[in-house]
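The values are calculated or read from the model by the stated rules, or taken from the named source; none is laboratory data. Nothing here was measured: the structure is a model prediction, and the numbers come from that model. Positions of Cβ are backbone-derived with ideal geometry, glycine not excepted, and every protein chain shown enters the neighbour counts. Each accessible area value is taken on the protein alone, full model and side chains, heavy atoms only, with ligands, DNA and RNA left out. Shrake-Rupley method; radii C 1.70, N 1.55, O 1.52, S 1.80 Å.
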Amino acid sequence: MKKSEFLLIKKKYSDNIDDYIEKGGFSSLRKILSDHISPEEIIEEVKKSGLRGRGGAGFYTGLKWSFVPRDRSIKKFLICNADEGEPGTFKDRDILLYAPYLLIEGMIIASYAIGAEVSYIYLRKEYKWLLNRLEKAIGEVQEKGFLGEKILKSDFSHRIKIFMGAGAYICGEETALLESMEGKKGFPRLKPPYPATFGLFGYPTVVNNVETLANIPIIVEMGGENYAKIGIPKSTGTRLIALSGIVKKKGVYEVEHGKVTLKEIINDFGNGVKEGYHLLGVIPGGVSAPPLTYDELDISYDFESLAEKGTMTGSGAVIVFGYKEDKKGELLKILESIVHFFKDESCGKCTPCREGTWAIYGILEKIKNKEILVRDGVEMISSLNSKIKGLCACPLGESCALVSEAFLKKFEDILK
Amino acid sequence: MKSLSSSDNIRSKILEIIEYYNGNTALSLIPVLNMIQDTEGYIKKERIKEIAEILKINENRIYETLTFYHFLTLDKSEKRILYVCRGISCLLEGADEIIEYLKDNRDRLNFDFRECECIGLCDFAPAGLFDFNPVKNLDVKKIKELNEKV
Ligand code: SF4
Ligand code: FES
């Protein structure tokens, strides 16, 4: 059955401010300010909604906000993480393009909830072509009186500024992003302390993904409890997925959590696999998510189901892969490309990751040159991972090991 | 009106950036580096001195920061740059063949090309960025067209 792709977020797509307002845009913000809904109440609604971060880690958004100290005298920041760099991911791009006002409204509400007077959009340099669009949107929202001094005559003032990165995948990690904004190289920080208490320049800061923030006006509009009825428990709401790879119809689709399987995503949204290709499997959440094989695709797309299978929804990037005609060897190329990515993007702060990602790349070379068996490679990588796991400032090195190990194990027959 | 020399122009742009970020010079560093990179094609030594002096940030710190990021460079590229994605979704659509072609024809190109990781255009794979503008569904024909236009 063909599932609707216009559920919550896509329904609010509008790249014209008057049209957005006509669709009910900014009514959530208006309601909050005119009915004097307190920040605490909004945090409570977001908690009730069960909303989890759409950037990768899936942390509960309301909970994250609640860690910010309430003391009004302390300066706070909200940062919108628009640095989606996980290979295969492009769904935030569509929000920036087609729903900038929804995002901006979400940012204003989130800032009101945590008490931030200034917020930033950390835009990846690869999206520089979206910069003017966003600046214009911010200007228009300000002209309409939803941004700036004393918004809608309330005592809440807010400004949004854009900060563009300079090319580094690791800056999508929230503490590396903060370092980068402070004018430094993007080294992830050791945690704790978490940004909610010690963030940008030491001030309490919330870093939220684009899609996460775009959900906020919707949650305020429907109420947290009603929002939580969409999807399934622990995976509420909808999800934007970026579908790419060997399917016929690539693109950004919206699915209800827990209601659509990966197979349906490929067939109903992607119109199936392209002619002449053999489907091998799917990377369900960007290259940091271990792959699923062809036989495992009857699985519902939600946080829990994928976690049970040892993988994740991650960044929402669904990459369908396989090989053309009889070129089975392509599979190793795919894995090589993934490990190449990790080895290049390891920021170099932690020795196990910096060295480990190179070592894994070397192991793949050996497999390619038939110097070792696939099985030996699996063992070598898993022993490497025991020296990476838990010893690094962020999950990058560990993901590299887990993903390459899973690939080799699951596709051993094809690779040997 | 007196026209600004390029150096005065950069200086005034730096001051504008600092003002945009409310006088926060640390926050202004990467935006300033981006601006110079985009205006001059690279970040030369004299500029680093100038930034250090205006932002009051140690020169070594500026080097440390700028060498970390892919899109900030110390070397001048004589030509405009096409970044070609070698990420997984582009690879699945033949990015490796495009990259091969570009490598083989490097001498004949009127632009420079560099490989990069995913640029968020995977639904238009194989994809690239030319002067940071999207180039979708790259193929040899498109590359030839681009080469003629440049
Ligand atoms: S695990 Fe790797 S990417 Fe993460 S902080 Fe350490 S070196 Fe950097
Ligand atoms: S993998 Fe090439 S644009 Fe994403």
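Among the conditions (1) part of a strand (DSSP E or B); (2) away from chain A (no Cβ under 14 Å); (3) among the β-branched types (V, I, T), B:I143 misses just one, which is (1).
Here's the yes/no breakdown for (1) β-branched (V, I, T); (2) over 19 Å from A:R354 (Cα atoms):
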site	(1), (2)
A:E371	no, yes
A:I381	yes, no
A:S386	no, no
A:K410	no, yes
A:D413	no, yes
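Residues in region A:148-161 that are open to solvent by 10 Å² or more (accessible area, probe 1.4 Å) and either within 17 Å of A:C80 (Cα to Cα) or within 13 Å of chain B (Cβ to nearest Cβ) (or both): A:R159, A:I160, A:K161.
Taking the criterion of being modelled with pLDDT of 90 or more, within 16 Å of ligand 2 (Cβ to nearest atom), out of contact with any Lys or Arg (no Cβ under 7 Å at 6 or more places or on another chain) and within 14 Å of another protein chain (Cβ to nearest Cβ), would at least one residue in region A:400-407 satisfy it? Outline the logic, then answer.
Residues of region A:400-407 that are modelled with pLDDT of 90 or more, as a first pass: A:400-407.
Narrowing the set further to residues that are within 16 Å of ligand 2 (Cβ to nearest atom) leaves A:403.
In the following step, the residues that additionally are out of contact with any Lys or Arg (no Cβ under 7 Å at 6 or more places or on another chain) were identified as A:403.
Now narrow it down to the ones that are within 14 Å of another protein chain (Cβ to nearest Cβ): A:403.
Yes; the residues of region A:400-407 include at least one that is modelled with pLDDT of 90 or more, within 16 Å of ligand 2 (Cβ to nearest atom), out of contact with any Lys or Arg (no Cβ under 7 Å at 6 or more places or on another chain) and within 14 Å of another protein chain (Cβ to nearest Cβ).
Scanning region A:90-123 for residues that are more than 19 Å from A:I219 (Cβ to Cβ), among the hydroxyl-bearing types (S, T, Y) and open to solvent by less than 10 Å² (accessible area, probe 1.4 Å) yields a total of 1. The residues of region A:235-288 that are away from chain B (no Cβ under 14 Å) and part of a strand (DSSP E or B), listed by number, are A:S235, A:T236, A:T238, A:R239, A:E254, A:V255, A:E256, A:T261.
When the criteria are applied in full, A:E126 meets the requirement of being within 11 Å of chain B (Cβ to nearest Cβ), open to solvent by 10 Å² or more (accessible area, probe 1.4 Å) and in a helix (DSSP H, G or I).
In region B:114-136, the residue that is farthest from the other protein chains (Cβ to nearest Cβ) out of those that are buried (at least 23 other Cβ atoms within 10 Å of the Cβ) and part of a strand (DSSP E or B) is B:G128. Residues of region A:287-299 that are farther than 17 Å from A:I246 by Cβ and touching a residue at least 60 places away in the same chain (Cβ under 8 Å): A:S288, A:A289, A:P290. Against the list (1) in contact with a Gly (Cβ under 7 Å, 6 or more places away or on another chain); (2) under 28 Å from A:S66 (Cβ atoms); (3) at pLDDT below 95, the condition A:E179 fails is (3). Looking across region A:163-195 at every residue that is away from ligand 1 (no atom under 16 Å from the Cβ) and open to solvent by less than 10 Å² (accessible area, probe 1.4 Å), the one that is farthest from B:N60 (Cα to Cα) is identified as A:F163.
Looking at the structure I just gave you, is A:P87 more than 13 Å from every other protein chain (Cβ to nearest Cβ) and either within 16 Å of ligand 2 (Cβ to nearest atom) or touching a residue at least 40 places away in the same chain (Cβ under 8 Å) (or both)? In short, no. The residues of region B:51-62 that are more than 14 Å from B:Q37 (Cβ to Cβ) and open to solvent by less than 60 Å² (accessible area, probe 1.4 Å), listed by number, are B:A52, B:I54, B:L55, B:I57. A:Y277 satisfies every condition listed in (1) surrounded by fewer than 16 Cβ atoms within 10 Å (Cβ to Cβ); (2) closer than 22 Å to A:K250 by Cβ except (1).
Restricting region A:380-416 to residues that are of a type in the set (S, T, Y) and within 22 Å of the chain's Cα centre (by Cα) leaves a set whose member that is least open to solvent (accessible area, probe 1.4 Å) is A:S404.
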